[in-house]
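J.: Submitted below is the structure of interest, expressed as structure tokens.
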Amino acid sequence: MSAIFDEKIRKVAAEPALQRKVYAATGRLMDHRRQAVTEAALPDYQELRARAHELKKHTLEHLDHYLEQFAASVERNGGQVIFCETGDEVADFLTGLSERRGARLLVKSKSMTSEEIDLNERLERRQLEAVETDLGEFIVQMTGERPYHIVAPAMHLSRHDVADLFTAKLGVPREEVIEAQTMIARRVLREKFLQADIGISGANFLVADSGAVVLVENEGNARLTTSAPPVHVAVAGIEKLIPRAQDLAVFLKLLGRSATGQALTSYTSILSGPRREGELDGPEEFYVVLLDGGRSKLLADAEKRQSLYCIRCGACLNHCPVYRKIGGHSFPWVYSGPIGAILTPQFQGPLHEPGLPFASSLCGACAEVCPVKIDIPKILLELRAEVKEAETRAGANRLERLAFQMWAWAMTHPAVYELGGVLAAAALAGQEEYVRELPGLVNAGPAKAWASQRDVPAPAAQSFRDWWRQRRGGRA
Amino acid sequence: MPARVSLFVTCLVDQLFPKVGIAMVEVLERLGYRVDFPEAQTCCGQPAFNSGYWAEARAVAGHFLDTFRACDYVVAPSGSCIAMVTRHYHDLFAGDPARQAEAARLADRVWEFSRFLLEVARVEDVGARFDGVVTYHDSCHALRELGIKEGPRRLLQQVRGLELREMEIAEECCGFGGTFSVKFPEVSGGMARTKIDSILRTGAQTVVSIDSSCLMQLEGTLRRAGAPVRTLHLAEVLARR
């Protein structure tokens, strides 16, 4: 693993208060989900998961067809679809649009896709102000951080942290009560909504047959973002497509429950095009920016393609014992937790952070709760093999490879394997069952790492096979 | 004539915890099985597979398949090693249909110990006695890859003198994860400490599981914390009389 990853992990390990906060917050989300998917609450939960998996599989296998259908549907509704290969192209489109509209201020509702391409920074460099309107995103935009969690971006901050932040950045009197803090954010953001020239949203789902952008949220900010400013631009990855409006019934039942335990979130907006004649609200112009951003590369791999089924519920983060220990900011890219561990190497290359796919005990809790049944552990295993292949090509980590080659040789030659056991037993001969401090000679490498946390089991004086031989000899 | 059972004791039990293998022999013989131990056995290959060294893992997995080819029943004191054989050999040998077919044939004949007792031997009460309060740790691979949840608990509930007390987070990983435990020692250790907090809250004196790797992680952490709780493999509990 890289020194940076290691350093970030150690930093969190040294902050027990932060660890407790993340453990508690994710634990609450786990409880909420558990109650929402019980046999009584959602009898067809497992069928829904299987159906959602199949729908995503089908859509991605026929993505060209559904992209065309979606673009045609949006245009029929009076909107326009813009296909972008890269984040630069997204920024170019938005800059051009802003110039044409004379826009200065853009309001944004939550969009992981825009985080993925650092959209806010790109817009700022072009003298455009982009303001996050989701409360958590609003907070982390002010701290200059990336979202800590896909669903709860400011999970790592307490109300005291937010009180300090609001006082420093907004110049308001210190306010410790969460409801009052929310009112402050609301007051600031209402002004922004009214002044904004363009509203940028993400998309939870893009419906091919009706050209609709579907947004799922609890704060109402996405609805304001998409209806108050005169222009709405939805920025989403090409994998957000689903074939038909009726398929929403499957995904909406799963998304809220998996994310926060809600049967439905407070707001579900189905937006299909700009304001039509005789309508009272809605934007004058409506665009959907579809980002490839490396996705078509992932589509080429029939097995790992399922990584793109993700509906960003965050359940895998909440249930991941590693995420719950190292938190969201230890991860090397915008996507954290198990889904981040499989998306990052595929988007950024296996050596971007070679340790990432290995930062898992492979416990499988993520796959167990994934609403679209992504086999995350299986993909992690494949990515581990890809990291090792890439390291070998780059001439890196030679000692480890040599160690595993020697290990494999011993394991395929029982006499060598047995000799290795005898030597290890000799090194710790006369010790107790478990050893607190390793003798200098063996206090290195993996043994030292083990002993840094826990007592070390000493090899048995007599191995099982030795006992077996003796016993058989005794009986013969 | 009683059926023949071949032990795959796993490399970990062979070298570090032979008492688990000995206990398994005791229970199986008590039930009337003829037990044998193919001496060429070493490891299932999982350490290399999980570390990304698939060529090395294939060599060791091939050795496993060769060693146990002729066995009717292979029984192992580990959910993780069994899951490696039944769930992962297929992927490991992608592109090698002959080995894949061998793995598929063997997959129906390899058994995790508790499942063998319940589904092949069809016993719940093996005549064991163990005085004390125990709590059961679900090992992740047994739970999520093999679907083993109630079986070991049913076996424990039949043991005379034993009180089974559930911890709050029985299904949460102990943090072992093979090489993960030494590649990310602070994270792995942190996970283990969270787990033992839950174990200690039950008031049990013993933690039982069906994977010695989890128990090694838990016992090492319990001892480091100076906690009076000890670990036992299910086979060791069932061997007591």
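Bear in mind that the values in this text are calculations on the coordinates, not laboratory data. What you see is a predicted model; the values in this text were computed from it and never measured. Here Cβ is always computed from backbone atoms with ideal geometry, including for glycine, and neighbour counts include all displayed protein chains.
J.: For the protein assembly as shown, compute Rh as the Kirkwood radius over C-alpha pairs and then the Stokes-Einstein diffusion coefficient at 37 °C and 0.692 mPa s; write the answer in µm²/s, rounded to an integer. Don't jump to the answer; show the numbers that get you there.
T.: Values: Rh = 27.6 Å.
Translational D for this selection: 119 µm²/s.
J.: If you don't mind, another one. Per residue of B:34-42, count partner chain C-beta atoms within 10 Å of its C-beta, then hand back the mean as an integer.
T.: That average works out to 4.
J.: Here's another thing I want to ask about it. Using amide H atoms built in the peptide plane, which far-off residues or other-chain residues are under 5 Å from B:V126 H to H?
T.: none
J.: Treating only the Cβ of Lys, Arg, Asp and Glu as charged (+1, +1, -1, -1), what charge dipole size does the range A:1-120 show about its Cα centre? Round to the nearest 20 debye.
T.: Numbers: 18 positive and 20 negative charges, 167 e Å.
The calculation lands at about 800 debye.
J.: Could you list the trypsin sites (Lys or Arg not before Pro) in the range A:137-209 that lie in coil according to DSSP, counting only those with at most 12 other Cβ atoms within 10 Å of their Cβ?
T.: A:R174
J.: Still on this model: Just to confirm the number: angle between the C-alpha axis of helix A:464-475 and the first principal axis of chain A, 0 to 90 degrees, nearest 10?
T.: Once rounded, one gets 40 degrees.
J.: Further, regarding this structure: Antiparallel versus total DSSP beta bridges in the range A:168-274: what percent is that, nearest 5?
T.: On the way: 8 of 14 bridges.
Once the DSSP bridges in the range A:168-274 are tallied, antiparallel ones form about 55 percent.
J.: For helix A:376-394, report the angle its Cα long axis makes with the longest principal axis of the Cα atoms of chain A; keep it between 0 and 90° and round to the nearest 10°.
T.: 70 degrees
J.: Another question about this same structure. Looking at chain B only, what percent of DSSP beta bridges run antiparallel? Nearest 5 please. Don't skip to the end; give the middle numbers.
T.: Numbers: 0 of 19 bridges.
Close to 0 percent.
J.: Something else: Per-residue HN-Hα couplings for the range B:40-49, Karplus 6.51 cos²θ - 1.76 cosθ + 1.60 at θ = phi - 60°, whole Hz, x for Gly and Pro?
T.: 6, 5, 9, 9, 7, x, 4, x, 6, 4
J.: Over chain B, with a Gaussian network built from C-alpha contacts below 10 Å, which listed residue (B:V182, B:V133, B:V207) shows the highest mean-square fluctuation?
T.: B:V182
J.: Further question on the same structure: Using DSSP loop states and a limit of at most 14 other Cβ atoms within 10 Å to flag GluC sites (Glu not before Pro), what is the longest stretch of chain B containing no flagged site? Mind showing how you got there, number by number?
T.: Working: sites that count: B:E39, B:E124, B:E150, B:E166, B:E168.
Of all site-free stretches, the longest is B:40-123.
J.: Further question on the same structure: Need one value for A:459-469: mean number of C-beta atoms belonging to other chains within 10 Å of its residues' C-beta atoms.
T.: 6
J.: In chain A, what percentage of the DSSP-assigned beta bridges are antiparallel, given to the nearest 5?
T.: 30 percent
J.: Tell me the GluC sites (Glu not before Pro) within the range A:402-475 that lie in a loop according to DSSP and have at most 12 other beta-carbon atoms within 10 Å.
T.: The qualifying sites are A:E432, A:E437.
J.: What is the dipole size for the protein assembly as shown, taken about its Cα centre, with +1 at each Lys and Arg Cβ and -1 at each Asp and Glu Cβ, in debye to the nearest 20? Could you put the intermediate results ahead of the total?
T.: On the way: 86 positive and 91 negative charges, 366 e Å.
The dipole of the protein assembly as shown has a size of about 1760 debye.
J.: Per residue of A:378-388, what is the mean number of Cβ atoms on other protein chains within 10 angstrom of that residue's Cβ?
T.: Averaged over the peptide's residues, the number is 4.
J.: Any idea how far the Cα center of the range A:264-312 sits from the one of the range B:204-241, in Å?
T.: Here the two parts' Cα centres lie 51 Å apart.
J.: On C-alpha positions alone, give me the angle between the axis of helix A:159-170 and the longest principal axis of chain A, in degrees, nearest 10.
T.: 40 degrees
J.: Continuing with the same structure: Name the long-range amide H neighbours of B:E163: under 5 Å, sequence gap of 5 or more, or other chain; modelled H, no Pro or chain starts.
T.: Close amide H contacts, sequence-distant or interchain: B:G132, B:V133, B:V134.
J.: List the pairs from A:K388/A:K448; A:K56/A:K253; A:K192/A:K240; A:K8/B:K183; A:K21/A:K57 whose alpha-carbon separation is above 25 Å, in the order I gave them.
T.: Pairs exceeding the cut-off: A:K192/A:K240; A:K21/A:K57.
J.: Quick one: 3J(HN,Hα) in Hz for the range A:65-74, Karplus 6.51/-1.76/1.60 with θ = phi - 60°, rounded, Gly and Pro as x.
T.: 3J(HN,Hα) across the range A:65-74, in whole Hz: 4, 6, 5, 4, 4, 4, 4, 5, 5, 4.
J.: Mind listing which trypsin sites (Lys or Arg not before Pro) in the range A:60-108 are in a DSSP loop and have 10 or fewer other Cβ atoms within 10 Å?
T.: Numbers: sites: A:R76, A:R100, A:R101, A:R104, A:K108; in loops: A:R104.
Answer in residue order: no site qualifies.
J.: What is the set of long-range amide H partners of A:I82 at a cut-off below 5 Å, with H atoms built 1.01 Å from backbone N?
T.: A:V288, A:V289, A:L290
J.: Output wanted: per-residue J couplings in Hz (rounded whole) for the range A:117-131, from phi through Karplus 6.51 cos²θ - 1.76 cosθ + 1.60, θ = phi - 60°, x for Gly and Pro.
T.: With coefficients 6.51, -1.76 and 1.60, one gets 10, 6, 4, 4, 5, 4, 5, 4, 4, 9, 6, 10, 9, 10, 10 Hz.
J.: Let me ask you something else. When the helices in chain B are scored as -39500 (n - 2.57) per DSSP H run of 4 or longer and the sum is shared across all residues, what 222 nm value do you end up with, to the nearest 500 deg cm²/dmol?
T.: -13000 deg cm²/dmol
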